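The values are calculated or read from the model by the stated rules, or taken from the named source; none is laboratory data. Worth saying up front: this structure is predicted, and the values here are computed from it rather than measured. Ideal geometry is used to build each Cβ from the backbone, glycine not excepted, and the neighbour counts take in all protein chains shown. In case anyone asks, the SASA skips ligands and DNA or RNA and just uses the protein heavy atoms, side chains included. Shrake-Rupley method; radii C 1.70, N 1.55, O 1.52, S 1.80 Å.
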Amino acid sequence: MRSLSKGMQVEGRAAGFCFVRANYDDQIVLTTYGRSSGFCVDPIEKKPLNHFLPGTSVLSFGTAGCNLACKFCQNWDMSKSREMDTLMDQASPEMIARTAKGLGCRSVAFTYNDPVIFMEYAIDIAKECRKLGIKTVAVTAGYICDEPRKEFFQYMDAANVDLKAFTEEFYWKVTGANLQPVLETLEYIKQETDVWLETTTLLIPGKNDSDEELSKMIHWVVKNLGLDVPMHFTAFHPDWKMNDVPATPQSTLVRAREIALHNGVRYAYTGNTHDRKGESTYCHHCHELLIGRDWYQLFTWNLSEDGHCLNCGERCAGVFEGQPGTWGARRLSVQLSNCIQN
Ligand code: SF4
Ligand SMILES: [Zn+2]
């Protein structure tokens, strides 16, 4: 555990860099347990996860604070929140699981800020979800030590891990973190667990989008994670402390996807942009369109119930259960108190 900073205070107590762990009577306490920044039902593709129960809906929420300090953070009102008042909804683990079930969601996602900083809460929610057959999804930067990493991921069913760049310099200067623990998390998830894994790289013009850096990253992924881990390359929009950098042109996303496919990655996607080709899933063997997507809306489904290509029979990597979900591209804000069902 990182030492608590005397300069930060939460409710009058010394707090850590994430701001949400504080010293209460010499115990380090998670001050956001049971409090959330609000709930939304999203398509699972928005996390982004394209090979995990496609087309289904996911109940998404975050808390406050973060263990990184990304200058481009698009959720900085939550991740950098110093006001516990931003945590509107009080929600017990059991309430969250029951709400997900009541709303027909196949999973609950810990997202918006990094769940590793509220892992006790996330784990308790995951336990309640399992009792009801609801899966859990971690959307994370993967910046976590060995021991809590093992504890955390044993309760997750799927993860989208940010691989924010492929240099220590970027990680340190732009996110305040280090690359190496993130690589270790990716290797751990892929090699030691059954958690379904996809990666996301937000491409920032001039910062992490060179052919050379992308090639090094993709070679590392192929060598250490294999060919079946889907990679998402998503568009940056100026935000937070990075307002002086232009938005990512679509051509950069298309280029990154092509480098990945050219180097053997079987499933590579563009994101935060309208690109039907880049959003859709193709058979790596016969190149048939397997799952057509248009802004999170599925328009083609050419997979058997257990995820094999209907054209050539090759398996598509992922977690598939029969027919796709029918949630579509909708986004629905929910207040937990209004939608608990028995
Ligand atoms: S890890 Fe995510 S939530 Fe945390 S500061 Fe970075 S972009 Fe924001
Ligand atoms: Zn095929």
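For this structure, a couple of remarks:
- Residue identified as touching a Phe, Trp or Tyr at 6+ places or on another chain (Cβ under 8 Å) and either open to solvent by 20 Å² or more (accessible area, probe 1.4 Å) or at pLDDT 95 or above (or both) among Phe166, Phe152: Phe166
- Residue match in region 87-96 (condition: touching a Cys at 6+ places or on another chain (Cβ under 9 Å) and open to solvent by 10 Å² or more (accessible area, probe 1.4 Å)): yes
- Hey, Val116 of a type in the set (A, V, I, L, M), within 16 Å of ligand 1 (Cβ to nearest atom) and buried (at least 22 other Cβ atoms within 10 Å of the Cβ) or not: yes
- Some residue of region 250-268 being open to solvent by 50 Å² or more (accessible area, probe 1.4 Å), under 20 Å from Thr200 (Cα atoms), out of contact with any helix residue (DSSP H, G or I) (no Cβ under 7 Å at 6 or more places or on another chain) and part of a loop (DSSP other than H, G, I, E, B): yes
- Subset tally (residues that are closer than 20 Å to Val174 by Cβ, surrounded by fewer than 18 Cβ atoms within 10 Å (Cβ to Cβ) and touching a residue at least 60 places away in the same chain (Cβ under 8 Å)) for region 200-237: 1
- Residue within region 308-318 that is open to solvent by 30 Å² or more (accessible area, probe 1.4 Å) and modelled with pLDDT under 95 present: no
- Note on region 108-122: residues that are more than 13 Å from Gly34 (Cβ to Cβ) and out of contact with any Cys (no Cβ under 8 Å at 6 or more places or on another chain) amount to 7.
- Qualifying residue in region 324-335 (condition: more than 16 Å from ligand 1 (Cβ to nearest atom), among the charged types (D, E, K, R), touching a residue at least 12 places away in the same chain (Cβ under 8 Å) and over 15 Å from Gly55 (Cα atoms)): no
- Applying the set (1) of a type in the set (A, V, I, L, M, F, W, C); (2) assigned to a strand (DSSP E or B); (3) within 11 Å of ligand 1 (Cβ to nearest atom) to Ala64 leaves exactly one unmet item: (2).
- Counting the residues of region 275-293 that are open to solvent by 40 Å² or more (accessible area, probe 1.4 Å) and either farther than 12 Å from Asn50 by Cα or hydrophobic (A, V, I, L, M, F, W, C) (or both) gives 8.
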